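Peer 1: One structure follows; several queries about it will come next.
Since every read-out is calculated from the coordinates, none of them should be taken as a lab result. Quantities reported herein were computed from a predicted structural model and do not represent experimental measurements. Positions of Cβ are generated from backbone atoms using ideal geometry, with glycine treated the same way; all protein chains shown enter the neighbour counts.
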Amino acid sequence: MKTCGTVVSSTLAIFLVLHLGLTPIMGEKNEVQIGVAGQTVILNCKGVPRDPGVTWKYSKTPIRKYRGSSLKGKAPMSDRSEIINSKDLRVSNLKLSDAGNYTCDYGSQPVSIISLHVFELTISSGGHFLPNDAPELTLTQNPSHPLPNLNIALFNSNNSTVRPKQVENKTHEKYILTLKELEATDSGTWMCHVHSPSVNHYIAFDVKVLGFQNPDSERKYATVDSTVILSWRLNFQKIKWKEGFTGQLKWIQQELLDFNVTAQGEKHETQKSGHFQFEIPERKPESNIEVKLRKVSFDHSGQYQCQLAYNKGHTQSKIELVVMKVSANPAGPLPRGAKMTLICQVSSPLPPNAHLHWERVNGTQADVKKSKQNEAKVEVNVSAAGLWNCHLIEDKEVKISLNYSVGMEISVTYLPRLKSLKVLFVSITEYFSPSAEEAPVWMSYVVIGTSIAGSVLVFGLACLGIISGIRWQRRRQRAKRMIQARQYLLENKTCQCQHRLNK
């Protein structure tokens, strides 16, 4: 009995050892793994030696065998599959139909059974959109077991939650999500979070929104005779846009420029002929559309519109050019005692947060004049010479400025004739305010210096005239005395000759 008991115990021990030895190999079964259509998945064969001879099967159909080298089977994904690390299966470019049960056999025993659950996420227009387009996402699942009811959450490129306008779920197999209208800033990589009791997976997808990096509408200010560059910054390079598109630039109704961008990102521009003179800057970013206006005139003002066209849709960005000029009525120097009106105006009404502002340099608060809301012109009456500045102020910030100088009048005066000498004196009459607090300091110095110089000049000329007059008088008197002396001598000689004849 003792021997029999020993034999039974030994047999049981051997069975337990064999069972425990096979347990690591047979333990991994019915593992669920997630794959995404178009991507790559790696299925791990667990619990086998490092250099085994394994066979991967799909629904009992061989995919790949490894016997020192990989041998191809007849399963649908065989051409897209390979064995790596001598035992694991890598399937590339997954298809929705690749879902199902995959078995890893070691020897004649299945050691790993994996249920591959495949999702396919598609986005309308291939992920290429214009602003205000509403994308549509379609999520399809193909599990190897009954379809789970999914919870879906979306996150944009800023990792902010996006709530779809509509979710259509007629069956658990396909979900259709309609999103809200996009903006150019929505470009980037989005995430779709798929969740159920048996699934927790993130699917990344790209959204590209073609548009402008500047606002849809902006205002640019310029002064008359200045140079201005109008620029539109396109985002096709930044978002790595892979489709061709076209565009054009217009001023009011006149077409200024045509351009197109190829799928490779090459931009070609064609300048249109017309009376409107502008330049295309040579040095500018490749993604920019720019025009350069030299010596801006009041007539150059108006709306400049850049439009992009793609897939029968279009988007646009506008720049309104507002031009400012200053003038005087009447023009020219200000006569003494007279008044003139200085006019500062812009080419279109200003927004509520902007106004025109006249001020006199070194002036007082009384010399300040502001335009009223939405006015395009402001006037100020001037009765004294000086330098005036007109500012265009928006949100308390000076955008542009122009100055106007009220000048001095020059008068010509002749001094009274001093004997035969004519003296010409040029006097400068200034028209700045006579009060010292109103006139600029430097102008006071000019006036004082001019007065002193004029006085010295007059005094010098007067002295020169007096001296010249005295000398002239002396020469005249001397000549007169000489004439008298000659007459005296002649008369005296005549008398002596007559006296001798009488004798």
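Peer 1: Grab the alpha carbons of region 24-205, take their convex hull, and tell me the volume per residue in Å³. Can you show the working numbers first?
Peer 2: Details: hull volume 23.7 nm³, N = 182.
Taking the convex hull of the Cα positions in region 24-205, it is 130 Å³ per residue.
Peer 1: Which of the GluC sites (Glu not before Pro) across region 232-337 are loop residues per DSSP, with 16 or fewer other Cβ within 10 Å? Write down the numbers at each step before the final one.
Peer 2: On the way: sites: Glu243, Glu255, Glu266, Glu269, Glu279, Glu282, Glu286, Glu290, Glu320; in loops: Glu243, Glu266, Glu282, Glu286.
Answer by residue number: Glu243, Glu266, Glu282, Glu286.
Peer 1: ³J(HN,Hα) across region 340-352 via Karplus (A = 6.51, B = -1.76, C = 1.60, θ = phi - 60°), whole Hz, x for Gly/Pro?
Peer 2: 9, 10, 8, 10, 10, 9, 10, 7, 8, x, 8, x, x
Peer 1: Could you check the simple spin-label distance between Arg476 and Leu71, using points 7 Å along Cα→Cβ, in nm with one decimal?
Peer 2: About 14.6 nm separates the two model spin labels.
Peer 1: Still on this structure, I have one more. Once Rh is set to the Kirkwood radius over Cα pairs, what Stokes-Einstein translational diffusion coefficient, in µm²/s, holds for region 37-106 at a temperature of 10 °C and a viscosity of 1.306 mPa s? Display every interim value, and only then the final one.
Peer 2: Values: Rh = 11.9 Å.
This corresponds to a translational diffusion coefficient of 134 µm²/s.
Peer 1: Apply 1/(1 + (r/R0)^6) to the Cβ-Cβ distance of Thr61 and His268, taking R0 = 56 Å, and write down the FRET efficiency to the nearest 0.05. Walk me through the numbers before you get to the answer.
Peer 2: Working: r = 53 Å, r/R0 = 0.95.
Plugging the Cβ-Cβ distance into 1/(1 + (r/R0)^6) gives 0.55.
Peer 1: Would you mind getting me the FRET efficiency between Ala153 and Asn311? Use the beta-carbon distance for r and R0 = 22 Å, nearest 0.05. Could you put the intermediate results ahead of the total?
Peer 2: Details: r = 29 Å, r/R0 = 1.30.
It comes out at approximately 0.15.
Peer 1: Please provide three numbers in whole Å: the alpha-carbon extents of region 244-297 along the principal axes, with the largest listed first.
Peer 2: The principal-axis extents, from largest down, are 39, 25, 15 Å.
Peer 1: With each label point set 7 Å from Cα along the Cα-Cβ vector, what nm distance links Glu218 and Leu457?
Peer 2: Between Glu218 and Leu457, the simple spin-label model gives 5.5 nm.
Peer 1: Order these by the 10 Å Cβ neighbour count, fewest first: His117, His195, His357.
Peer 2: Values: His117 23, His195 14, His357 17.
Neighbour counts put them in this order, fewest first: His195, His357, His117.
Peer 1: Please report the base-10 log of the normalised intensity I(q)/I(0) for region 336-376, using a Debye sum with one equal scatterer per alpha carbon and no solvent, at each q in 0.19, 0.34 (1/Å).
Peer 2: Values returned for q = 0.19, 0.34 Å⁻¹ are -0.67, -1.16.
Peer 1: Now, a different point. Could you compute the FRET efficiency for Thr171 and Gln253, with r as their C-beta to C-beta distance and R0 at 56 Å, rounded to 0.05? Please list the in-between numbers first.
Peer 2: Details: r = 53 Å, r/R0 = 0.95.
My answer for the efficiency is 0.60.
Peer 1: Return, for the Cα atoms of region 330-404, the radius of gyration and Dmax in Å, separated by a comma.
Peer 2: 12.7, 39
Peer 1: Right, something else. How do Val32, Val456, Val406 rank when sorted from fewest to most other Cβ atoms within 10 Å of their own Cβ?
Peer 2: Working: Val32 13, Val456 10, Val406 20.
Lowest to highest Cβ neighbour count: Val456, Val32, Val406.
Peer 1: I need the per residue convex hull volume for region 217-322, using only the alpha carbons, in cubic angstrom as a whole number.
Peer 2: Numbers: hull volume 10.9 nm³, N = 106.
Output value, Cα hull per residue: 103 Å³.
Peer 1: Under the rule of at least 5 residues apart or a separate chain, name every residue whose amide H is placed under 5 Å from the amide H of Val224.
Peer 2: Those lying under 5 Å, H to H, from Val224 are Met324.
Peer 1: Only loop residues by DSSP count here, and only those with at most 13 other Cβ atoms within 10 Å; note down the trypsin sites (Lys or Arg not before Pro) in region 65-161 that meet that.
Peer 2: Numbers: sites: Lys65, Arg67, Lys72, Lys74, Arg80, Lys87, Arg90, Lys95; in loops: Arg67, Lys74, Lys87, Lys95.
Qualifying residues, ordered by number: Arg67, Lys74.
Peer 1: Cross-link list Lys295/Lys399; Lys72/Lys208; Lys60/Lys95: which exceed 29 angstrom alpha carbon to alpha carbon? Show your work: numbers first, answer last.
Peer 2: Values: Lys295/Lys399 18 Å; Lys72/Lys208 40 Å; Lys60/Lys95 19 Å.
From the list (Lys295/Lys399; Lys72/Lys208; Lys60/Lys95), the Cα-Cα distance tops 29 Å for Lys72/Lys208.
Peer 1: Given points 7 Å out from each Cα along the Cα-Cβ axis, report the Ile467 to Asp299 separation in nanometres with one decimal.
Peer 2: About 6.3 nm separates the two model spin labels.
Peer 1: Less than 19 Å apart at the alpha-carbon level, and either on another chain or at least 8 residues along: which aspartates and glutamates does that give for Lys57?
Peer 2: Result set, ordered by chain and number: Glu28, Glu31, Asp79, Glu82, Asp88, Asp98, Asp105.
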